[in-house]
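Worksheet: one structure, shown below.
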Amino acid sequence: MIAPKTFVDLGWPTLVDHWAKRCATKRGEAAVRAGVMFDEIAAARERLAEVTEARGLIARGEPMPLGGILDIAGAIERVRKAAALEAAELVAVAGTGRAMARLRTHLRSHGEAAPRLVARSQQLADLGHVFHPILEAFDADGRLVDHASDALGPLRKALASIKTTLEKRANEMLTDERFAPYLQDAYYTQREDRYVLPIRTDGKGFVRGIVHGTSQSGQTLFIEPEEIVDLNNRRKLAEAEVADEERRILIKFSGWVAEEAEGFAQSLAAAETLDIIAASALLAEDTVSAEPILDEAPRIALLHARHPLMLLADKRVVANDVTVAAGQTLLVSGPNAGGKTVALKTVGLAALMARAGLHLPAESGTAIGWFSSVVTDIGDAQNLEQDLSTFSGHMVNLRELLATAGPGMLVLIDEIAVGTDPDQGAALAQSVLEALAARGATGIVTTHYERLKALGARDARFANASVGFDLERLEPTFKLHLGAPGSSGALQVARRMGIAADVVERARVLLGAEGVRVEELLANVADQRRRIEEERAALLAELEAVESERAAMRIHRDRTQARFEKQTRVAHGEALSALRAARREIDEVRKQVRAKAAEATPETVREATRALVTPGAAVAQHEPRRKLPPGTPASPEQLVAGTPVIVPKLGRCEVVTPPHDGKVEVRLGAMRALVSVADVLLDSHRNARRQREDRERPPEADEKPQGPSLVMVDGVPAGGRATARTIDSTIDVRGQRADEAVANVDRFLDESLMASRDVAFIVHGHGTGALRTAIRTHLQAHKGIQTFRAGEPNEGGDGITVAFLK
């Protein structure tokens, strides 16, 4: 158990108040204020994960909808005892049921992002069959509508008719000569829920009826004339019938709620828990917190931890790392008002927040042990009512602490054993701390005692830490430094607070040379450490700036490159448009030439075509060039069998046979092709690697059979083998009419001849065979075709025709 004093010392009630104010329901707020502490680490870990999921929903802009959930527990308990609820209570119950159904639907729609919260939502019962008809029976003002039952509407209409008749009759009486002379004023009113006329006292004998009262002055009698007594009676009976019907409806609805009382109670409890989780997520967002690692071992490993109350108060907060091993005590020294107590309370609140399943205001990766108890001795323990001085009050706290200390306890002591002789207080403090360490407690203690600073340097159960002090500005830095004690800086603080310089100097003399040297040494060490950290922070900032500038330059380069490529594509597109126009002109000239075919020779046709395709060749020169693979130009002597080469249109290949007539056969996998020597580059990388392997390989490994060479027949590969198929050497005419396809193929063959291609691939598909027949018939008569064949299986079979050009 955690003592109430610990909560007060650490400021836990203030943090709980911030937490509770972020709840959306009264039940959730009450539960938070009552104290939400887990007894088992597994439950706390589960809650931390649930809070993480709730924060994820907030980040997506889809937080849990908790509005409209009211505290209807009292109403549910009443219906369990067969009591009928009032209209307002039924509306509250039904509205809460609808709100909980909305919450369940919302969570179930986020199953992947929040599986744990979805599991929680399973406890929200399906109560639509109860709250839907109840809500439909009430209007926006919480009044039963006429169709709430079959009888209610007619009864209300009958009552309204009687009221209309009664009011009409009362209005007529105001002008009736039997009543008008005796009226105190020209109006009618109600007394005892019956319509009456205000009659002067001197006219009471002239108006027959029932007296229902007098005015305060006694000058007016409120008389119900006998003419409307029956109408008033009928109105009262009609009102009673309406009220009875409304009561019957409320009893029926209350019975429905009673049948699902357990479902309502279970759903309220689940909604309360979800509200606490949502409030925890909001608190974590407001304090920029992270989910901690809960460790079974009672240790502390906070990264850039910040005091949550200072964050919520919008105060300047210095983040600190705090590391304490299990069973170890951290001794924090340094100047007053330097942040020692803030660091102490930050750790204490972190331990309590972990027990409550809250995220910690620290960086991701923070770990906190599971402390079964947290004990504090912070502040002035003086109590005049109990005759306790500051020192004796602290002794009482230490006595109780030593009596209960053990493993798993977190001990937080601010200024241990102060208020007495410094030497005796330091000795007593060391003795108490050694006893706590022997009992296995984990602790953080602030002190000014030199004895304790020395203890942290020689005993492994203790560790030193200090808060910084800026010697130049004579003010604390509030930064916690682990591993080294700090100077108390009393003389510097006194000077900063306005103590006369001669008084401070006298104190320095009284301190003695050795004491001054120790203080100055500690202060200088702290100052040097501060300077180093500032320089390191400056270097890191500069490094981040350089990296940011480098990233910006990279982005600028990429954008510039993309802009250049876009402009190049646009220019090439314009050139292609010009080329299409030129091709249209070619078609016209070709038609004219064919019309005079008898007079023309193949040479004249070719010359005319060459002249017309010249604009297209010029346009092609401006096409954006692809980035060529790495390699060096090859001479024919270098292209021996087996040489690794690069052909830009094919990629990495290998020479099969030496060059012949300016062409060389290369192999790409199972495919062979004849390419121009000018298009071949030596693969420098693979050649260097092969030479390195050759030097390491024994001589006998070089003996291997030579591969088969390609035999040429009349300049055409034997068996009709084609060079490699590329985009430039292929035309696809599938889906075109026969005459359109023949014209396109004819134009493509002309361009191929001008480009000095050896082969053309014509893709026409299988279909009915009409397109294939038309194309091959045209190829037979084409004077630029040496031969042609159907494609091989790996080339597309009979759906493609391979034409070899002269």
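The values are calculated or read from the model by the stated rules, or taken from the named source; none is laboratory data. Predicted model, so just to flag it, every value in this text is computed and none were measured. Here the Cβ positions follow ideal geometry from the backbone for every residue, glycine too, while neighbour counts run over all protein chains shown. Side chains included, ligands, DNA and RNA excluded: accessible areas come from the protein's heavy atoms. Shrake-Rupley method; radii C 1.70, N 1.55, O 1.52, S 1.80 Å.
If one computes the Cα centroid of the stretch 540-585 and of the stretch 80-150, what distance in Å separates the two points? About 60 Å separates the Cα centre of the stretch 540-585 from the one of the stretch 80-150. Restricting the GluC sites (Glu not before Pro) of the stretch 173-234 to loop positions (DSSP other than H, G, I, E, B) with no more than 11 neighbouring Cβ atoms within 10 Å leaves Glu177, Glu192.
Calculated accessible area for the stretch 1-131 comes out at 47 Å² per residue, all protein chains present (probe 1.4 Å; ligands, DNA, RNA ignored). By the rule of a C-alpha distance below 19 Å, with chain neighbours fewer than 8 residues away ignored, the lysines paired with Lys591 are Lys783. Annotation for Ala30 and Ser392: the two label points, set 7 Å from Cα along the Cα-Cβ direction, are 4.4 nm apart. With the highest mean first, a sort of the peptides 553-563, 311-321 on other beta-carbon atoms found within 10 angstrom per residue produces 311-321, 553-563.
A cut-off of 5 Å between modelled amide H atoms, ignoring neighbours fewer than 5 places along the same chain, links Arg725 with no other residue. For the listed peptides 394-406, 439-451, a ranking on the average number of other beta carbons within 10 Å per residue, highest first, reads 439-451, 394-406. Amide H contacts of Thr220 (H built 1.01 Å from N, in plane; Pro and chain starts excluded): Ser215 sit under 5 Å, all sequence-distant by 5 or more or on other chains.
Along the stretch 562-576 the Karplus relation, 6.51 cos²θ - 1.76 cosθ + 1.60 evaluated at θ = phi - 60°, assigns HN-Hα couplings of 5, 5, 4, 5, 5, 4, 5, 5, 5, 4, 5, x, 5, 5, 5 Hz to successive residues, with x for each Gly and Pro.
Residues whose amide H comes within less than 5 Å of that of Lys663, counting only those at least five positions distant or on another chain, are Val677 (H built at 1.01 Å from N in the peptide plane). With 25 Å as the limit, write out which pairs from Lys340/Lys453; Lys5/Lys345; Lys5/Lys453; Lys5/Lys340; Lys81/Lys252; Lys649/Lys806 have Cα-Cα distances beyond it, or answer none. Pairs exceeding the cut-off: Lys5/Lys453.
With the highest mean first, a sort of the peptides 49-58, 648-657 on other beta-carbon atoms found within 10 angstrom per residue produces 49-58, 648-657. Take the stretch 347-449 with all the other protein chains still there, run a 1.4 Å probe, and you get 35 Å² of accessible area per residue.
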